[in-house]
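The values are calculated or read from the model by the stated rules, or taken from the named source; none is laboratory data. Every value quoted in this text rests on a predicted model; they were computed, and no experiment measured them. Here Cβ is always computed from backbone atoms with ideal geometry, including for glycine, and neighbour counts include all displayed protein chains. Accessible surface is based on the protein model in full, side chains and every heavy atom, while ligands, DNA and RNA are left aside. Shrake-Rupley method; radii C 1.70, N 1.55, O 1.52, S 1.80 Å.
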Amino acid sequence: METTARPNRLQALILGLQHVLAMYSGGILVPLLIGAALHFDAQQMAYLISADIFMTGIGTLLQLKTTRLTGIAMPVVLGSAIQSVSPLVNIGGTLGIGAMYGATIAAGIFVFLIAGLFAKLREYFPPVVTGSLITVIGFSLIPVGVAKIGGGDATAKNFGDPTNLWIALVTMVVIIVIAIFAKGFLKSISILLGIVIGTVFAGMLGVVSLQPVADASWFHLPTPFFLGTPTFHVSAMITMIIVAITSMIESTGVYFALADLTGTKLSDQRIAKGYRAEGLAVILSGIFNTFPYSTFSQNVGVVRLSGIRSKQPIYYAAGLLLLIGLLPKFGALATIIPDPVLGGAMLILFGTIGIQGTTIMRNVDFGSERNLMIAAVSIGAGIGVTVYPQVFQQMPTLVKLIIENAVVVTSVLAVLLNIVLPGREQQVD
């Protein structure tokens, strides 16, 4: 299809399904990781995934339709922000589930209120800052994937069982083969296909149970505060506000990528509307007990692949997400995925995100000591905190909860160094 073609309804539906499939594996990964880390039972997990997918549809609709205050009005798809995994697990494990949702709501309100100002601050987020941040977002999560490959619990006697390693290996091989040799649509859903085929292989080895699907209901409307009533803790709110800022930085990159693809001129006002829609989606995610959303970069690739600039397929994608989110049995399907399958997919997905960060920095002049120090210190500190978060164990609890997260450490250091080191005026357009 030509990029100027307007799809008919059937074509738009198929293209919408393609958008859903492209983001689905990333969309369900965040609730799967957080739910497993906090020991949610099968019923909670089924609700969590269904509600998360449903609210993803709501958030996407908020971005598609422009109003006086909200909506970027481009082919944007929202999904659960991967950078929220570690801080939310930390908050939920330390302060309780309610604290996760209270902090999420606070972060959404912050994004909504700060949107207009933040849209004017582009110069503070040059490629050396955004690239360093996205590099750490990816690489800091790789240990989580490796733990999943071994079986999930490093203290268990069967951790690293050869069966787990074989399942992870098959999953990774499938993803690699499809990503390298497939074309078009199949290539764009290599992660999802790897998870499906890896789960089937694990089922052949007898390590998959369909009982959670059988136990799940056919229909469930997302309910406010279903899993827990929000509680508000200063440290948790500060942490999630910083994470929300990292999501805004990431979304800015997606906005400009889509603007380039669609020939759209982005004003500060329009960017601010995009931020506000994202903030409103995050507020709703806290109310309905799901997790923070950000603009998904995966779907930029789908727009580029299809050549369709129209928002019409995204409306269909949002409708499909709403439908899937109302059917807990679909959500329960995601809970049967074995840890080694997730681990294999995560290793590739997170590694790819990290490499995307380094790619953003490909045009950064590292002959400049200024740029070198920003990247070296922020990335080094982020990776270091990932390996040894206990380095801050002597700090007060309020401070420790905020700074023992790699994404927070990297984003704060990168932005601060970019501001205080001399020569910033020469680094921006």
Filtering segment 230-239 down to residues that are open to solvent by 50 Å² or more (accessible area, probe 1.4 Å) and assigned to a loop (DSSP other than H, G, I, E, B) yields Thr231, Phe232, His233
By residue number, the members of segment 395-424 that are open to solvent by less than 40 Å² (accessible area, probe 1.4 Å) and modelled with pLDDT under 90 are Leu401, Ile402, Asn405, Ala406, Val407, Val408, Val409, Thr410, Ser411, Val415, Gly423, Arg424
Met346 vs (1) open to solvent by 40 Å² or more (accessible area, probe 1.4 Å); (2) modelled with pLDDT under 90: all pass except (1)
The conditions are (1) touching a residue at least 60 places away in the same chain (Cβ under 8 Å); (2) in a helix (DSSP H, G or I); (3) surrounded by 24 or more Cβ atoms within 10 Å (Cβ to Cβ); (4) not charged (D, E, K, R), and Thr94 fails exactly one of them. Which is it? (3)
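Of the residues Val85, Val76, Val111, Val30, only one is closer than 26 Å to Phe256 by Cβ, surrounded by 24 or more Cβ atoms within 10 Å (Cβ to Cβ), free of Cβ contacts under 8 Å to residues at least 60 places away in the same chain and not acidic (Asp, Glu); which? Walk me through how you get there before you give the answer.
Working: Val76 fails: free of Cβ contacts under 8 Å to residues at least 60 places away in the same chain; Val111 fails: free of Cβ contacts under 8 Å to residues at least 60 places away in the same chain; Val30 fails: free of Cβ contacts under 8 Å to residues at least 60 places away in the same chain.
Step by step, each of Val85, Val76, Val111, Val30 is checked, and only Val85 is closer than 26 Å to Phe256 by Cβ, surrounded by 24 or more Cβ atoms within 10 Å (Cβ to Cβ), free of Cβ contacts under 8 Å to residues at least 60 places away in the same chain and not acidic (Asp, Glu).
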When you scan segment 195-209, do you find a residue that is of a type outside the set (A, V, I, L, M), outside any helix (DSSP H, G or I), under 21 Å from Ile53 (Cα atoms) and in contact (Cβ under 8 Å) with a residue 40 or more places away in the chain, even just one? no
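Quick check: anything in segment 151-168 among the basic types (Lys, Arg) and part of a helix (DSSP H, G or I)?
Quick first cut of segment 151-168, residues among the basic types (Lys, Arg) only: 157.
When the remaining residues are screened for being part of a helix (DSSP H, G or I), the result is none.
No, that holds for no residue.
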Is one or more of the residues making up segment 140-152 more than 30 Å from Met204 (Cβ to Cβ) and open to solvent by less than 30 Å² (accessible area, probe 1.4 Å)? yes
Search result, residues across segment 153-170 that are under 25 Å from Ile383 (Cβ atoms) and open to solvent by less than 40 Å² (accessible area, probe 1.4 Å): Gly160, Ala168
Residue that is within 26 Å of His19 (Cβ to Cβ) and touching a helix residue (DSSP H, G or I) at 6+ places or on another chain (Cβ under 9 Å), where the choices are Ile167, Ile191: Ile191
Could you grab me the full set of residues in segment 360-376 that are open to solvent by less than 60 Å² (accessible area, probe 1.4 Å) and under 23 Å from Val408 (Cα atoms)? Met361, Val364, Arg370, Asn371, Ile374, Ala375, Ala376
Kindly indicate the residue of segment 192-212 that is open to solvent by less than 30 Å² (accessible area, probe 1.4 Å) and not hydroxyl-bearing (Ser, Thr, Tyr) and also farthest from Pro340 (Cα to Cα) among those meeting that condition. Leu192
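Of the residues Thr70, Thr66, only one is of a type outside the set (A, V, I, L, M, F, W, C), in a loop (DSSP other than H, G, I, E, B) and crowded, with 21+ Cβ neighbours inside 10 Å; which?
Numbers: Thr66 fails: crowded, with 21+ Cβ neighbours inside 10 Å.
Within the list Thr70, Thr66, the selection yields Thr70.
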For His39, work out the one condition from (1) touching a residue at least 12 places away in the same chain (Cβ under 8 Å); (2) surrounded by fewer than 21 Cβ atoms within 10 Å (Cβ to Cβ); (3) not basic (Lys, Arg) it doesn't fulfil. (1)
Matching entry among Leu227, Leu221 (being farther than 26 Å from Gly344 by Cα, open to solvent by 70 Å² or more (accessible area, probe 1.4 Å), touching a residue at least 60 places away in the same chain (Cβ under 8 Å) and not in a helix (DSSP H, G or I)): Leu221
So Ile114, is it assigned to a helix (DSSP H, G or I), of a type in the set (A, V, I, L, M, F, W, C) and over 17 Å from the mean Cα position of the chain (by Cα): yes
